[in-house]
Amino acid sequence: MVSDLTQPDINHTPPGREGEAPIIRLRNVVKRFGDQTVLSGVNLDVYPGETMVIMGGSGSGKSTMLRTMIGTHTADEGSVELFGQNICGLREEALNEVRKKFGILFQSGALFNSMTIGENVALPLREHTDLDDEIIDIQVKIKLELVGLREDAHKYPAQISGGMKKRAGLARALALDPKILFYDEPSAGLDPVTSAQIDQLMIALTRQLGVTSVVVTHEMDSAFTIADRMAMLDRGVMLCLHERQWFEHLRDLPTEEAAKLEDKQRLVRQFLRGDAEGPLSERRDEASYSADLFGMTMDRVTRTPSVEPTRG
């Protein structure tokens, strides 16, 4: 019913987690670049073992939020806690100790082209442990087996596909047995079949290893496949945070019921569905390029309905 959607709880605690300490906690996080405020008082709790999807349009602040969580950016206000420790203001050496407890899959995979896949995966182990070469070799084979690349350890990044690069990057992110995995647009640049395979790999790793996953994406098919909970940012503000089913309900509301929603819920629904018409497009129309450049208006381009999602 519509009444179920009118008050999305941005401080939502998932069922069964009451009293449990989150593994990631953001409180009133503000991040500025010069005069521009990119994150404005963001709050978020992520609990052990769950997959949290952070979504939003281009410029919404989701990538900045991810970089603030991993310590690449320092919050100008508020706190960012990982494993119960506030990483804001930590010296680099102390921050690096925290970083050993999480892994990151970068959008491009970020593999070193001069190293084989196996050498890429071995690098964190050689840099941050005192393990013998024999033990490192075993660990590399285990991690590559997890992502289905054990037989490709000898290949260089230039010799493998985009999807294989993502999987190799994921194996490297797993090298130090992290408790948290951060994913930056894991489906970017992949065809639909490979994207679906990456999603299933992420789900399998979460179940097998019990890791906590934070996924930044604007790919809705992927988000609805992997998420336990979802958070949506807009202009640096957390609009809503809830279980995946809440967002599915909002996405699938009949048109006549959706028309009764408040603007904020209509905006979220438009993003989830990829609709051409709605608050997001109306906002852009209000600040059209022609009006800003020439002080004139132009007829709006006729929009066609968006394509239905291909994956359920």
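Take Ala110 and decide whether it is without any contact (Cβ under 8 Å) to a residue 60 or more places away in the chain and closer than 28 Å to Ser40 by Cβ. No, not satisfied. The condition of being of a type outside the set (S, T, N, Q) and either in contact with a His (Cβ under 6 Å, 6 or more places away or on another chain) or not assigned by TED's automatic domain parsing to the domain that holds Gly84 (or both) holds for only one of Ala223, Ala188, Ala171, that being Ala171.
Selection of first residues in the stretch 14-29 that are in the same structural domain as Tyr47 (by TED's automatic domain parsing) and of second residues that are of a type in the set (A, V, I, L, M) and part of a loop (DSSP other than H, G, I, E, B), restricted to Cβ pairs under 8 Å at least 6 apart or on distinct chains, gives the following pairs, ordered by first then second residue: Val29/Ala75.
Can you say whether Pro124 is touching a residue at least 40 places away in the same chain (Cβ under 8 Å), in contact with a helix residue (DSSP H, G or I) (Cβ under 7 Å, 6 or more places away or on another chain) and either within 30 Å of Gly57 (Cα to Cα) or not assigned by TED's automatic domain parsing to the domain that holds Lys62 (or both), as far as the supplied structure shows? For Pro124, the condition - touching a residue at least 40 places away in the same chain (Cβ under 8 Å), in contact with a helix residue (DSSP H, G or I) (Cβ under 7 Å, 6 or more places away or on another chain) and either within 30 Å of Gly57 (Cα to Cα) or not assigned by TED's automatic domain parsing to the domain that holds Lys62 (or both) - is met. Among the numbered conditions (1) among the charged types (D, E, K, R); (2) more than 13 Å from the chain's Cα centre (by Cα); (3) under 25 Å from Trp246 (Cβ atoms), the only one that Glu92 does not meet is (3).
You will find that of Leu205, Leu176, Leu201, Leu209, the residue that is farther than 26 Å from Thr129 by Cα and surrounded by 14 or more Cβ atoms within 10 Å (Cβ to Cβ) is Leu201 and no other.
The values are calculated or read from the model by the stated rules, or taken from the named source; none is laboratory data. This one's a predicted model, so the numbers in the text were calculated from it and none came from an experiment. Counting neighbours? That spans all protein chains shown, and the Cβs are built from the backbone with ideal geometry, glycine included.
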